[in-house]
Amino acid sequence: MEKKVLLKNEQIERLLSPHPLSFMKLQALSIFVIVWGIVVWWLTKFSAYTNIFAGNIWYPLILWGLVLLLVGVVASLVAIQWSIFFLYLGVFAGGIGLIFWQHWENDISLFLLVYSIAVSIGGFLIVELYRRSHKYIITNLRIIFKGGVLTKRERTVRYDKIADIDAKQGILGQIFGFGTIIPVSQSGFGLGSDKSFAAGGVEVGTKRARFFGFAGGGKELQTPIARSYYELHGVYPYKDVKQLVEDVVQSHVPTQYHKEQIEFQKQQVDIQKQMRDLLHKQVRGKPRRKTVKQTREEEDPEDKEEIEEEEETSMNAAPDKEEAFPPEQVDIQQQMKELLKKQKTVRIAEPKIEEIDEEDESQGDEKEIA
Amino acid sequence: MATIPLDIDSFIGAALAPILGVVAFWFLQLCFIELQKRMLSKLRHRHEAFCRFTNFIGILFQTICHALGYAVTRSGIAAFQITVNYGKVEPKKEKTGVFEWISRSFLLFGPFFIPAGLVLLFSYVVIGNGFVFSPSAQYTFVGSLTGFGGSLFTFTNAFVRFLATIDLFNPLHVGFLFVILFFGLGIRPSYIVEGRKEKIDMIYDLKHIKSHLVQKPLYIFAIIGIIYVFYLLSLFVNPQLYLAVFSVLGLISLTAVIALLLTYLVIILIRATDEIHAHWKVVPFITLIGSYVLARVFFIYYPMKQVETVSLLVMIGSTVIITILLIKYKRTNRFKTATKMKHVRVADGKKSTSKKRTD
């Protein structure tokens, strides 16, 4: 199926998906709900504090809801993701709704236990579904990221456009051998900012005088950050994948020798262009309309014919004009000589054997370090 | 307060007894750690992640102890890093002399006592009445030793009673069980240098400790002197104080031993499930939890005495029986060869490694 998305001459190097434990942060939300449900049930039924909860049937629900929302707020602030709070708010509201709808007020603690377990199982399944929707294809030309349960998202990064590679491995990742790799593109895709804000207010005073205090602070930090479907999230085995990505990115980076070769070719092309212009000038007394053959081919076929005719006539006419040797022609010949001299002097800087050895050694060292 | 007799036994023997007791229990702890290391090394090829996890806990505690050493000596902490493979703590100021020696002592002795000490603190919450320090009847070597042993016996008795009646429906008890297992897997000194070393055993740890102690004999004499002064002071102020301090150290070692013993059960269960076919592997673990829950639910409708203990026995018994039955009938596939590997190895003259026959 993945072959459909491949380009010409493209081969799959590795097909990956996130490790089952890589979404532990999301699964932890479900774990908390289940643990808290059990604790509330134990507190109301078996603990030494049973008498407190026996006083009012709503006490277990109040305790359960308050702690759930409090943890939701704290987790949202820590993770800088308010969706956690709204998720817990939804769970709380759902619980209240079910109690009133089905009239389960008589045994709220048991309902909370069953409800917590059901919600947690649902949460686990959704996270697992979300994890399974991710697919990463590492080919010899690019990395394809796919993800999303309802809305399908896809990102493609070509290796020559990767400016930076960010890799991270948490404690769980170190233990189980998975980690996250974020390829940061030259356009800055893969970079994000962490922004947190905390504020608190206090109102002091009576009817006459009221003081309101407000304190807050914000922080914005540019970090490599991406959604799980835009990064190689929790890939296993982390070290091998990282090595593979680094290798293919490195193979797409031009070396110093390649750069010099490109520069040399550019200079040669420039000289040849100038020489062609001069030749044309020498023959026709005016510069050619199009110097590059490639662009000429793109023109209309009628124009092509015209140009070919012009060239034929110029070839025939050239010997007659050379015989005259007007001052302009002498200048052109002089310039031609200079260009030929320049062409001879510009030589490709061939890599020395020592340099090649050094490059090889440095690559070897990098591998050893890795 | 009893009068103190003026003899050598009272002034030297009685001071020495708890120290010897602590050393003996610490050595016992070291032996149990060694046994756990060997059990884990046999698991490594199949449960790399589990071993890495235990290694991480060990490194975590060792690094914390090292940092604590720098904090105590006021060297400051410039860098603190923990990974699964190694931990790193760098001081802000490189202190020498006694400060360096103290921080290194924390690194070497801390992993034995600090994590277990934390478990001991937690155990006070669940078994508060077990912390009774028996006073020594006489100010003699035997009297002090009896007092030290008495304190440890009372605590062990309370601890074992708690474990026998642990209520796994009580979140506090379950939490304590997790903590004790978590710490039990990490109560061991780890090799913290980045380079890889094949064998880290008890001898390796003891060699390090010996070289550390021999390096500065003067400090050892100073410590002995301080301990003795403390003994003399406590002898006239409150004789139980000296014994209580060393009893706490003994209790820490004892807690570590109990924690290590509990982790053996986990390791044995994991090793036993390795013998079972892949699809049936989870059954013993399900039985472990399921049988306890079923037993507790059963006893809600048919109440009886010692429900927790009976439920625990049901849990352990059913898990053991199910595991044995699965090992017998659902054993995992064995590596089959045309010729017996043993003969091949004997023919090659290499008993330790298996080799494929080329002929």
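Observations, loosely collected:
- Which numbered condition A:Arg288 fails, given (1) modelled with pLDDT under 60; (2) surrounded by 13 or more Cβ atoms within 10 Å (Cβ to Cβ); (3) closer than 30 Å to A:Ala163 by Cα: (3)
- All of B:Phe11, B:Phe99, B:Phe109, B:Phe27 fail the test of being closer than 28 Å to B:Ile220 by Cβ, at pLDDT 90 or above and away from chain A (no Cβ under 14 Å), apart from B:Phe27.
- Annotation: of all residues in the stretch A:4-18 being in a loop (DSSP other than H, G, I, E, B) and in contact with a strand residue (DSSP E or B) (Cβ under 7 Å, 6 or more places away or on another chain), the one that is nearest to the other protein chains (Cβ to nearest Cβ) is A:Pro18.
Residues are listed down the side, and each one gets a yes or a no for (1) in the same structural domain as B:Leu118 (by TED's automatic domain parsing); (2) at pLDDT below 80; (3) surrounded by fewer than 17 Cβ atoms within 10 Å (Cβ to Cβ):
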residue: B:Ile166; (1), (2), (3): yes, no, no
residue: B:Ile187; (1), (2), (3): yes, no, no
residue: B:Tyr191; (1), (2), (3): yes, yes, no
residue: B:Lys197; (1), (2), (3): yes, yes, yes
residue: B:Ile203; (1), (2), (3): yes, no, yes
residue: B:Lys210; (1), (2), (3): yes, no, yes
residue: B:Leu213; (1), (2), (3): yes, no, yes
residue: B:Leu218; (1), (2), (3): yes, no, yes
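- Helices (runs of 4 or more DSSP H) (entirely within the stretch A:36-138) containing at least 2 residues that are in contact with a Pro (Cβ under 9 Å, 6 or more places away or on another chain): A:108-132
- Screening A:Leu21 with (1) closer than 28 Å to A:Phe178 by Cα; (2) part of a helix (DSSP H, G or I); (3) hydrophobic (A, V, I, L, M, F, W, C) gives one miss only, at (2).
- Check on A:Trp42, surrounded by 18 or more Cβ atoms within 10 Å (Cβ to Cβ) and free of Cβ contacts under 8 Å to residues at least 12 places away in the same chain: yes
- Residue within the stretch B:245-254 that is in the same structural domain as B:Leu185 (by TED's automatic domain parsing), more than 21 Å from B:Thr146 (Cβ to Cβ) and in contact (Cβ under 8 Å) with a residue 12 or more places away in the chain present: no
- The listed residues are B:Val142, B:Val125, B:Val174, B:Val119, and the only one of them that is buried (at least 19 other Cβ atoms within 10 Å of the Cβ) and part of a helix (DSSP H, G or I) turns out to be B:Val119.
- Test: residue in the stretch A:145-158 that is assigned to a helix (DSSP H, G or I) and crowded, with 18+ Cβ neighbours inside 10 Å: no
- Verdict on A:Ser109 being modelled with pLDDT of 90 or more, crowded, with 18+ Cβ neighbours inside 10 Å and either within 14 Å of chain B (Cβ to nearest Cβ) or within 30 Å of A:Tyr238 (Cα to Cα) (or both): no
The values are calculated or read from the model by the stated rules, or taken from the named source; none is laboratory data. This one's a predicted model, so the numbers in the text were calculated from it and none came from an experiment. Note: ideal-geometry Cβ built from the backbone for every residue, glycine included; neighbour counts use all protein chains shown.
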